[in-house]
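The values are calculated or read from the model by the stated rules, or taken from the named source; none is laboratory data. Since we're looking at a predicted model, the values are computed, not measured. We place every Cβ from the backbone using ideal geometry, glycine too, and count neighbours over all the protein chains shown. These area figures cover heavy atoms from the full protein model, side chains too; ligands, DNA and RNA do not enter into them. Shrake-Rupley method; radii C 1.70, N 1.55, O 1.52, S 1.80 Å.
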Amino acid sequence: MSLRRTLPLFALVTFAVSARAQVTTPKQFFGHEVCEDYWLANYDQLVSYWQKLDEDSDRIRIQSIGKTEEGREQYMAIISDPSNLRDLERHRKNSRKFAMARDFKDQLDAEKLAKTAKTVVWIDGGLHATEVLGAQQLLESAYQLVSRNDAENKRILKDCIILLVHANPDGMDLVSNWYMRRTDPKTRSLSGVPRLYQKYIGHDNNRDFYANNMSETRNMNRILYKEWSPQILYNHHQSAPAGTVMFIPPFRNPFSYHVDPIIQVATDTVAMHMHNRLIVQGLGGTVMRNAANYSTWWNGGLRTTTYYHNMIGILTETYGSPNPTTIPFLNNRQVPTTDIPKPVEPGEWHLRDSLRYEVEANYAILDFASRYRERLLLDTYQAAKNAIDRGNKDTWTRYSSRVMALGADAIKKPELRDARMYVLPADQRDPGSMRWFVDRLMDCGVEVEQLTAVATVNGRSCPDGSYVIRCNQAYRPHILDMFEFQDHPNDFQFPGGPPIPPYDNAGYTLAFQMGVEFDRVLESVGLDTGPVSGTQRIPITSQITGQRSLYDLDTYKRVNATLNTGNPATIIGNNVYPRGTTAAIGLRKLFLTKPRIALWDRYGGSMTSGWTRWVFEQFGFEHQLVFPPEIEKGGLKDRFDVIVLPSGAIPGAVREGGGGGPGGGDEQTGDPTIPAEWRARMGSMNAKAIAELKSFSENGGHIIAIGDSAQNLLKPLGLPLESALTEPGPDGTPRRLPNTKFFVPGSVLKMYLPNSELKGGLTDYVDCMFDNSPAFRWITPGSAPGTTVAIFDTDKPLRSGWAWGQEILKDTIAIADVPLGKGRVVLFGPEVLFRGQPTQTFT
């Protein structure tokens, strides 16, 4: 049954009548309660209400933290006692002081400041915009904190500074307006949103927090790691396990080896405080640990990157919908266990019921932050001090595979020590990728220096301007995680059984993905260094000028900038190249002709297409989106030279019929509330569309297919390759290898590049992102009618992550270039554009 039949909403709180009279309620402002059935506020309304609270109360300040990718202001509400807000800058600096740990004379000095400093708590919402509850709770939470005058609320405001941060303004406007577009409330639905709820990457906006590719990510990371350094971050989401109401940590294993155990235990402690509060209030259905798949291994999400910065990161996933729904009865969710201490009673459910859980969870965290204020500040200081101390002495990370293979030697061998610093020589092959990498570190608060004089490092002469990242700094765990391999342990349901998939990637080492050359320095050495000033990102310029490196990511920007202006020639160094000729820069050839590029996309938006679009824009490649109905019409060669098909473009089973609706049916194509321009995009890649792709290539067009799209094009286009990751099924026909034999979830592998036209200036070995990707072999090995561009030439290609059965990849093809008629099809098995990170493979 609904909670509203048994407990009045927020019944535990006694509000002062005078406070209510002073602060405008959501009902007064909107004419609706927050999370009322069939109603959602949009972002503009949220900002307007926050601004109204700012007029009504001296407990709140509103500030922009930057622009979104669509150009909106991204707002943060700072809420605290008025006396704290009047002295906000001092409290901000105090929080940073504990996070950096360097400016205290000793422990006593830290303890003295902790007596008066305030805890800083970040509470966000709206990151995944179709998970509407998180953004809506920001309205209710702001109102409660600003209006309540009970003893708990006053204590929290006195002890804490609360940062309410909207994580995705663009998405909230899109999704809320889409939901509210129908006048009949009971016909409203969140389904069929026509495009991604973040300009480029949709759901992957929670996969960008060490890469810092998106504006919103950089805005939030600046607040988190360079300006405020909160002790606790609470990241709201809305996808509870079936038959439950809310997932709250503790998380399941594994926990990253690079993270300080203080943070691991503190995260669990705060989470148990949340469970306890909800259970005491009679709110059942909270689950933890193995009741869900969430872990703390991967560094890249809004809450997971915090662990590598000595912050407590809390994730909750809450059930609910703006339309009334029902919590089902599931046998395995109705028996109390240590993972499900108080099952919820199945029955009718409303989003406002979920809202109560959200607000109670916020208050549980804030109550903890208030009660244990000094302990939190000092734990943050200690974790940061530990990082600095470890960077100043010999330490060994206890990597699983090393310990299993070497025993005690894994933590004694001198050559296996952790680095004291990393040096990135300025004269490496791709200085553009190096600069991008350095920017990503700095965006996450890492301190970077540059050599001011030539230095010898590990026997190598490094020129001035080379980058130096010392490990004796507070964010050392993040540094190690970006430079060193991730050693995910073997994790199976039972011996010989299927693997337990990681929450996201098992391996992702950014330095590997970007092909950055670095020296791992194991001893403390004196180097003449100075600070890095400003961003290292290089904007697109009008032409190539000066002598460039043999292999530089930024070369593409300059060439395309010239081509896109229509200038008849491109200047490279001291040479002038007419349009349509080929320029050689070292080993790389640049074809100085502007290609006509088509990029597949679909109704509702594709994240892989969005990432590709973003990469194209960064390097000045003009392109046009094409949707399945447009491809099906044909005439492609008259308009395009290249068609790019990222993962997800080509289905495994190609239908013969028409395109249909966004889910493969026709039910939405006639919906009058969907604009005609959006309806025209509906449909999937059917047999006729595939036939038009084949005709396009046969007439001289080039097709680039990535990941499963490459695999799924083999038979429809009659290409002379087959999957190398199969075994005979019961009837003798090939079937995909089971994951008990082969399983490579999001890991970095090494591939070999023999000499070919597409190799360009790359080295013989290149790291790539392999995410349960395909690998190929020629059907007739002795007479391959195409070019092997990349191959896995070893039985141990794993560089970072987890690769069960990796020996199966030996001698399989990673990238193939196949002629088809007058054109060609280039098949990329690995995810060479993966989330805009692997510059080494997408250039």
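For residues in the stretch 287-309 being open to solvent by less than 10 Å² (accessible area, probe 1.4 Å) and more than 19 Å from the chain's Cα centre (by Cα), which is nearest to Asn253 (Cα to Cα)?
Result: Met288.
So which residues in the stretch 725-745 are assigned to a loop (DSSP other than H, G, I, E, B) and open to solvent by 20 Å² or more (accessible area, probe 1.4 Å), if there are any at all?
Once the filter is applied, which keeps residues that are assigned to a loop (DSSP other than H, G, I, E, B) and open to solvent by 20 Å² or more (accessible area, probe 1.4 Å), the stretch 725-745 yields Pro730, Asp731, Gly732, Thr733, Leu737, Pro738, Asn739, Thr740, Lys741.
Under 8 Å between Cβ atoms, at least 6 apart or on separate chains: pull out the pairs that start in the stretch 729-749 with a residue that is farther than 15 Å from Gly496 by Cα and end on any residue that is β-branched (Val, Ile, Thr) and part of a strand (DSSP E or B).
Correct list of pairs: Pro734/Thr726; Arg735/Thr726; Arg736/Thr726.
Does Ile262 fit the bill of being under 30 Å from Ala211 (Cα atoms) and over 24 Å from the mean Cα position of the chain (by Cα)?
Values: under 30 Å from Ala211 (Cα atoms): yes; over 24 Å from the mean Cα position of the chain (by Cα): yes.
So Ile262 fits the description; yes.
Closer than 28 Å to Lys557 by Cβ, modelled with pLDDT of 95 or more and of a type in the set (Lys, Arg): does that describe Arg440? Reasoning before the result, please.
Working: closer than 28 Å to Lys557 by Cβ: yes; modelled with pLDDT of 95 or more: yes; of a type in the set (Lys, Arg): yes.
Here the answer is yes, as Arg440 does meet what is asked.
Conditions: (1) surrounded by fewer than 23 Cβ atoms within 10 Å (Cβ to Cβ); (2) in contact with a helix residue (DSSP H, G or I) (Cβ under 7 Å, 6 or more places away or on another chain). Leu138 meets all but one. Number of the miss?
(1)
If Val748 satisfies every condition in (1) modelled with pLDDT of 95 or more; (2) part of a loop (DSSP other than H, G, I, E, B); (3) in contact with a strand residue (DSSP E or B) (Cβ under 6 Å, 6 or more places away or on another chain); (4) open to solvent by less than 30 Å² (accessible area, probe 1.4 Å) but one, which is the exception?
(2)
Could you check how many residues of the stretch 41-60 are over 23 Å from Leu351 (Cα atoms), in contact with a strand residue (DSSP E or B) (Cβ under 8 Å, 6 or more places away or on another chain) and part of a helix (DSSP H, G or I)? Can you show your working first?
First, pick out the residues of the stretch 41-60 that are over 23 Å from Leu351 (Cα atoms): 51-60.
Filter once more, so that each one left must be in contact with a strand residue (DSSP E or B) (Cβ under 8 Å, 6 or more places away or on another chain): 51, 53-54, 59-60.
This time we only want the ones that are part of a helix (DSSP H, G or I), so: 51, 53-54.
Total satisfying the criteria: 3.
So, in the stretch 217-265, how many residues would count as being touching a Phe, Trp or Tyr at 6+ places or on another chain (Cβ under 8 Å), assigned to a strand (DSSP E or B) and modelled with pLDDT of 95 or more?
5
Among the numbered criteria (1) open to solvent by 50 Å² or more (accessible area, probe 1.4 Å); (2) among the acidic types (Asp, Glu); (3) part of a helix (DSSP H, G or I), which single criterion is violated by Glu722?
Unmet for Glu722, out of (1) open to solvent by 50 Å² or more (accessible area, probe 1.4 Å); (2) among the acidic types (Asp, Glu); (3) part of a helix (DSSP H, G or I): (3).
In the stretch 763-795, which residues are within 20 Å of Pro838 (Cβ to Cβ), open to solvent by 30 Å² or more (accessible area, probe 1.4 Å) and not polar (S, T, N, Q)?
Asp764, Tyr765, Asp771, Ile791, Asp793 - these are the residues of the stretch 763-795 that are within 20 Å of Pro838 (Cβ to Cβ), open to solvent by 30 Å² or more (accessible area, probe 1.4 Å) and not polar (S, T, N, Q).
Quickly run through the stretch 330-369 and pick out the residues that are of a type in the set (D, E, K, R) and not in a loop (DSSP other than H, G, I, E, B).
The answer is Arg333, Glu348, Arg352, Asp353, Arg356, Glu358, Glu360, Asp367.
Mind checking which pairs have a first residue in the stretch 84-109 that is of a type in the set (Ser, Thr, Tyr) and a second that is assigned to a helix (DSSP H, G or I), Cβ under 8 Å, 6 or more apart or different chains?
Ser95/Trp228
Enumerate the pairs (first residue in the stretch 18-41 and closer than 12 Å to Lys52 by Cβ and of a type outside the set (Gly, Ala, Ser); second residue anywhere and modelled with pLDDT of 95 or more and part of a loop (DSSP other than H, G, I, E, B)) with beta-carbon separation below 6 Å, excluding pairs fewer than 6 apart on the same chain, so at least 6 apart or on different chains.
Going by the 6 Å Cβ cut-off, the qualifying pairs are Val23/Ser57; Pro26/Val34.
So, in the stretch 755-779, of the ones that are in a loop (DSSP other than H, G, I, E, B) and among the β-branched types (Val, Ile, Thr), which residue ends up farthest from Leu725 (Cα to Cα)?
Going residue by residue through the stretch 755-779, those that are in a loop (DSSP other than H, G, I, E, B) are 755-756, 760-764, 771-775, 779.
Now narrow it down to the ones that are among the β-branched types (Val, Ile, Thr): 763, 779.
Details: Thr763: 26, Ile779: 13 Å.
It comes out as Thr763.
Of all strands (runs of 3 or more DSSP E) completely enclosed by the stretch 372-479, which ones contain at least 1 residues that are more than 25 Å from the chain's Cα centre (by Cα), within 30 Å of Val121 (Cα to Cα) and not β-branched (Val, Ile, Thr)?
Details: elements: 421-424, 449-451, 455-457, 460-462, 467-470.
Once the strands (runs of 3 or more DSSP E) in the stretch 372-479 are filtered for at least 1 residues that are more than 25 Å from the chain's Cα centre (by Cα), within 30 Å of Val121 (Cα to Cα) and not β-branched (Val, Ile, Thr), what remains is 467-470.
Filter the stretch 683-709 down to the residues that are at pLDDT 95 or above and either under 30 Å from Asp184 (Cβ atoms) or of a type in the set (D, E, K, R) (or both) and list them by number.
Selection gives Lys688, Glu692, Lys694, Glu698, Asp708.
From Gly284, Gly301, grab the single residue that is among the small types (Gly, Ala, Ser), closer than 26 Å to Trp802 by Cβ and either in a helix (DSSP H, G or I) or in contact with a Lys or Arg (Cβ under 8 Å, 6 or more places away or on another chain) (or both).
Details: Gly284 fails: closer than 26 Å to Trp802 by Cβ.
After ruling out the rest, the residue left standing is Gly301.
Given the conditions (1) within 18 Å of Tyr257 (Cβ to Cβ); (2) open to solvent by 10 Å² or more (accessible area, probe 1.4 Å), report the number of the one that Gln382 does not fulfil.
For Gln382, the failing item is (1).
Kindly indicate whether Pro716 is out of contact with any strand residue (DSSP E or B) (no Cβ under 6 Å at 6 or more places or on another chain), open to solvent by less than 30 Å² (accessible area, probe 1.4 Å) and either assigned to a loop (DSSP other than H, G, I, E, B) or among the acidic types (Asp, Glu) (or both). Working first, answer last.
Working: out of contact with any strand residue (DSSP E or B) (no Cβ under 6 Å at 6 or more places or on another chain): yes; open to solvent by less than 30 Å² (accessible area, probe 1.4 Å): no; either assigned to a loop (DSSP other than H, G, I, E, B) or among the acidic types (Asp, Glu) (or both): yes.
Here the answer is no, as Pro716 does not meet what is asked.
Quick one: which residue in Arg420, Arg440, Arg375 is in contact (Cβ under 8 Å) with a residue 60 or more places away in the chain, among the charged types (D, E, K, R) and out of contact with any strand residue (DSSP E or B) (no Cβ under 7 Å at 6 or more places or on another chain)?
Details: Arg420 fails: out of contact with any strand residue (DSSP E or B) (no Cβ under 7 Å at 6 or more places or on another chain); Arg375 fails: in contact (Cβ under 8 Å) with a residue 60 or more places away in the chain.
On inspection, the qualifying residue turns out to be Arg440.
Output yes when any residue across the stretch 99-107 is assigned to a helix (DSSP H, G or I), open to solvent by 10 Å² or more (accessible area, probe 1.4 Å) and not aromatic (Phe, Trp, Tyr), and no when none is. It would help to see each step written out before you state the result.
Going through the stretch 99-107, the residues assigned to a helix (DSSP H, G or I) turn out to be 99-100, 107.
Checking the rest, the ones that are also open to solvent by 10 Å² or more (accessible area, probe 1.4 Å) come to 100, 107.
Subsequent filtering for residues that are not aromatic (Phe, Trp, Tyr) retains 100, 107.
Yes, the stretch 99-107 contains a residue that is assigned to a helix (DSSP H, G or I), open to solvent by 10 Å² or more (accessible area, probe 1.4 Å) and not aromatic (Phe, Trp, Tyr).
So that you can scan it fast, the table gives a plain yes or no per residue for (1) touching a residue at least 12 places away in the same chain (Cβ under 8 Å); (2) within 29 Å of the chain's Cα centre (by Cα); (3) in a helix (DSSP H, G or I):
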| site | (1), (2), (3) |
| --- | --- |
| Leu139 | yes, yes, yes |
| Ala142 | yes, yes, yes |
| Leu145 | yes, no, yes |
| Glu152 | yes, no, yes |
| Leu157 | yes, no, yes |
| Leu163 | yes, yes, no |
| Asp170 | yes, yes, yes |
| Val175 | yes, yes, yes |
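Search the stretch 18-53 for residues being open to solvent by 50 Å² or more (accessible area, probe 1.4 Å) and within 17 Å of Asn149 (Cα to Cα), and hand back the single one that is modelled with the highest pLDDT.
Gln22
Do the conditions hold for Phe627, that is, is it at pLDDT 95 or above, closer than 26 Å to Asp204 by Cβ and among the aromatic types (Phe, Trp, Tyr)?
Numbers: at pLDDT 95 or above: yes; closer than 26 Å to Asp204 by Cβ: yes; among the aromatic types (Phe, Trp, Tyr): yes.
Criteria met by Phe627.
What are the residue pairs meeting all of these: first residue in the stretch 333-357, first residue among the polar types (S, T, N, Q), second residue open to solvent by less than 40 Å² (accessible area, probe 1.4 Å) and assigned to a loop (DSSP other than H, G, I, E, B), Cβ atoms under 6 Å, and 6 or more apart or on different chains?
Partner pairs satisfying both residue conditions: Gln334/Pro343; Ser354/Gly320.
Which condition from (1) assigned to a helix (DSSP H, G or I); (2) free of Cβ contacts under 8 Å to residues at least 40 places away in the same chain is the one that Thr183 breaks?
Failed condition: (1).
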